[in-house]
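For reference, the structure discussed in these notes is given below.
The values are calculated or read from the model by the stated rules, or taken from the named source; none is laboratory data. These numbers were taken from a predicted model, which means no experiment stands behind them. Here the Cβ positions follow ideal geometry from the backbone for every residue, glycine too, while neighbour counts run over all protein chains shown.
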Amino acid sequence: MVFSAVIAFAEKAFVGLSCFLCFVVILVLCDLVRKRRIFKFARDFKGYRFYPVFGNGYYTIGKDIFSVIENLKKEHGLPCNLWNGHDYHYVTADASEVKVVLNHPSTFDKGAIYDNIKIAFEKSILLAKYDQWKRNRKIYSRSFSQPILNSFVDVFYDKACILVEILKKSHERDVYDVFCRLSLDNFCANVMGLDLDVQRIINDRLVPLIDRLQTGAGKRMFTSYFIPTYLYFFTPAGRSMLRNFLEIREFIYNTIQQKRQVFKKEKDFRENSNKLPLMDMMLEAEGKIFSDEDIFQEIVLFLLAAMDTSGVTLSFAFTLFGMNPEAQEKIYQEVNQTVGWERPICYSDLPNLKYTERAIFEAMRLLPVTPAIERYAATDVDLGDKKIPAGTNILISVFNLHRSETYWKNPLEFNPDRFLPEEVAERHPYAFIPFSGGPRNCIGMKYALMMMKTTVAHVIRNYEIKSKHKSVTDMDFESFITMKTLHELDCTFIPRCH
């Protein structure tokens, strides 16, 4: 009796499992048929061997985007194929192709590598669809107008002064932490209207929370295809990521409430609502355009971008200045001639710091903080010698584009004069895209550059930078959204004797 029941249960289980497997096989076959044009296109390029369902998963799961692209390049060259499950990615570092992709109306939307961060940024300017992006970009552009940016420079200088005082107490610190805190301090004061003093308050929770959230999201990049979001949050890594996200969410929501109260009190005294910082601008449009959730997503996005991209870029830049004392001396001399030894730096000084700007650009070329960006082809896209089929994710390797011998002579050397006007005029305009390119470029690029120039100028007139790194080839990298070294950067700040 019991044996018969067991046999009957086993038969039903076998039938159920067989039906499920048949259903999965049918789904896989249908997907393969639907993507037959993509498979035909991919035959012309090298890459890891494709397996149904898994794609190149055995090469990519658990790895970061930088390592995956660099391994592909070493083994197969660029352009090449990358499959994350059945999601196809065409990987390129060709400036002519990049120009088409970043400007084509059919490749406006972001690619599949961003799926892992949709939970936090789906409505933000980073991932928004065209209509929403166009509306929001127009509104945000007012908050990044030149008069508003000029008004930020006093804060940039004040925060740089705090940094100089902090470096006096300890010349050898984790430069990532130092400059990410500086960038976050600037963002909170200028954009959110809050002086959190995160440079001095080392034990605050916000900075490590943001860092852990980014790392968790980046590690999920090549598993999101196989583990749906609603299942991922039941895993230990998913629960940890969710906790970090909710803590940041609570902080931002509390900040929104505080700013809303201040904004209402000050509203009647404002002369021009078109000249407001970002959060004030969003609160001005609240109820008509933006909900609390919209404001939250945008502020978190800008906060991450301001802290990590600008902070890591400054970390790379100062390390490279330490590795290249001749370039550092030229920056020092330019700052002294333009600003002097002690005078506060003001916005009118920044356009005259031309060599300093070129040195920052060269740091962004050699060590791009965002090593890859991606767009999705909604329709076929003609690249001249090839036609990208609809449904393709086009993955642009910014890291390899910026180091390509096609566009850069001796690409591994640090040479700020690459960005002299006559040199730039002879080079492909899309060979250098640290802020992306086309209509969907980074809206905060002027803000970031002004903040970095102010910081570099004030730190270098107070400190000589030293580094034991001999070459960028000695550095090993990983990228969980933004690129960092696998090891601490060697960067020492030695006070100057004026």
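Restricting attention to segment 90-114, the residues being more than 18 Å from the chain's Cα centre (by Cα), assigned to a helix (DSSP H, G or I) and of a type outside the set (G, A, S) number 7. On inspection, F321 fails the criterion of being buried (at least 21 other Cβ atoms within 10 Å of the Cβ), of a type in the set (F, W, Y), assigned to a helix (DSSP H, G or I) and under 11 Å from the mean Cα position of the chain (by Cα).
For K453, the stated conditions hold: it is more than 15 Å from P325 (Cβ to Cβ) and in contact with a helix residue (DSSP H, G or I) (Cβ under 7 Å, 6 or more places away or on another chain). Do we have any residue at all in segment 201-213 that's of a type in the set (V, I, T), surrounded by 12 or more Cβ atoms within 10 Å (Cβ to Cβ), part of a helix (DSSP H, G or I) and in contact (Cβ under 8 Å) with a residue 40 or more places away in the chain? Yes, that holds for at least one residue. Checking each residue in segment 324-341 for being exposed (fewer than 14 other Cβ atoms within 10 Å of the Cβ) and touching a residue at least 60 places away in the same chain (Cβ under 8 Å) picks out only W341. For segment 197-216, the criterion of being touching a strand residue (DSSP E or B) at 6+ places or on another chain (Cβ under 9 Å), of a type in the set (D, E) and farther than 30 Å from I69 by Cα is met by no residue.
List the number of the failed condition for V155; all other conditions in (1) within 19 Å of A448 (Cβ to Cβ); (2) in contact (Cβ under 8 Å) with a residue 40 or more places away in the chain hold. Tallying (1) within 19 Å of A448 (Cβ to Cβ); (2) in contact (Cβ under 8 Å) with a residue 40 or more places away in the chain, V155 fails exactly one: (2).
Exactly one residue out of A425, A390 is without any contact (Cβ under 8 Å) to a residue 12 or more places away in the chain, farther than 26 Å from I460 by Cα and either part of a helix (DSSP H, G or I) or not charged (D, E, K, R) (or both), and it is A425.
Selection of segment 227-245 for residues being within 16 Å of K118 (Cα to Cα) and either in a helix (DSSP H, G or I) or at pLDDT below 80 (or both) yields I227, P228, T229, Y230, L231, Y232, G238, M241, L242, N244, F245. Every condition in (1) assigned to a helix (DSSP H, G or I); (2) surrounded by 21 or more Cβ atoms within 10 Å (Cβ to Cβ) is met by G218 except one, and the failing one is (2).
When segment 122-164 is limited to residues that are small (G, A, S), in a helix (DSSP H, G or I) and touching a helix residue (DSSP H, G or I) at 6+ places or on another chain (Cβ under 7 Å), the one that is nearest to I460 (Cα to Cα) turns out to be A160. When segment 448-498 is filtered for residues that are in contact (Cβ under 8 Å) with a residue 60 or more places away in the chain, in a loop (DSSP other than H, G, I, E, B) and among the acidic types (D, E), the ones remaining, listed by number, are E488, D490. Restricting segment 162-173 to residues that are in contact (Cβ under 8 Å) with a residue 40 or more places away in the chain and surrounded by 14 or more Cβ atoms within 10 Å (Cβ to Cβ), the residue that is nearest to T492 (Cα to Cα) is L167.
Could you say which residue among I148, I69 is crowded, with 22+ Cβ neighbours inside 10 Å and among the β-branched types (V, I, T)? Outline the logic, then answer.
Values: I148 fails: crowded, with 22+ Cβ neighbours inside 10 Å.
Matching residue, one of I148, I69: I69.
Out of all the residues in segment 365-387, is one or more part of a helix (DSSP H, G or I) and either of a type outside the set (K, R) or surrounded by 19 or more Cβ atoms within 10 Å (Cβ to Cβ) (or both)?
Taking segment 365-387 first, the residues part of a helix (DSSP H, G or I) are 365-366.
Those left that are additionally either of a type outside the set (K, R) or surrounded by 19 or more Cβ atoms within 10 Å (Cβ to Cβ) (or both): 365-366.
There is at least one residue in segment 365-387 that is part of a helix (DSSP H, G or I) and either of a type outside the set (K, R) or surrounded by 19 or more Cβ atoms within 10 Å (Cβ to Cβ) (or both).
The number of residues in segment 266-303 that are modelled with pLDDT of 80 or more and of a type in the set (S, T, N, Q) comes to 2.
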